[in-house]
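What follows is one structure encoded as structure tokens, with my remarks underneath.
None of the figures in this text is laboratory data; all of them are computed from the coordinates on show. On a predicted model such as this, the values are computed, not experimentally measured, just so you know. Note: ideal-geometry Cβ built from the backbone for every residue, glycine included; neighbour counts use all protein chains shown.
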Amino acid sequence: MMFSTIFLQAQGDAMSSFLPMILIMVVMFVLFLWPQMRKQSKDKKFHENLKKGQRVVLTSGMHGKIADIMEDGVVIETMSGKLKFEKASISREYTQARFPETVA
């Protein structure tokens, strides 16, 4: 009888010791992973909706206009000529800050 009482108490303590760990995992998801997933989905939508003639800012700070869109990248027309870049190098945040009318 005494052994079963001790075993039941130990089992209850084990469950309550996992509760803080589960709570920490939920808080980390809400604070770190969820905002990052939202940002990635916004960036993906932005890159899918790029159009010719749209003014953009690259992550390097270069400004230009999209001259051509290809499968693997874009051609950006700058004052010094046309350059080919990956779509990922176009910054949604910088473009929205500099040209708010072009980003919906």
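Okay, here's what the table says:
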| read-out | value |
| --- | --- |
| Size of charge dipole - region 34-104 - debye, nearest 20, with Cβ of Lys, Arg +1 and Asp, Glu -1, no other charges | 220 |
| Restricting region 26-104 to trypsin sites (Lys or Arg not before Pro) in coil, as DSSP defines it, with at most 16 other Cβ within 10 Å | K51, K52 |
| Relative contact order computed over region 51-98 (Cα-Cα under 8 Å; 6+ residues apart), in percent | 35 |
| Environment charge of F46, counting only residues whose C-beta is closer than 10 Å and scoring Lys/Arg +1, Asp/Glu -1 | +2 |
| Net charge, P35 excluded, C-beta distance under 13 Å - Lys, Arg +1, Asp, Glu -1 | +2 |
| Least to most buried among I22, I66 (fewest other Cβ within 10 Å first) | I22, I66 |
| Neighbour-count ranking [beta-carbon atoms within 10 angstrom, fewest first] of M37, M79 | M79, M37 |
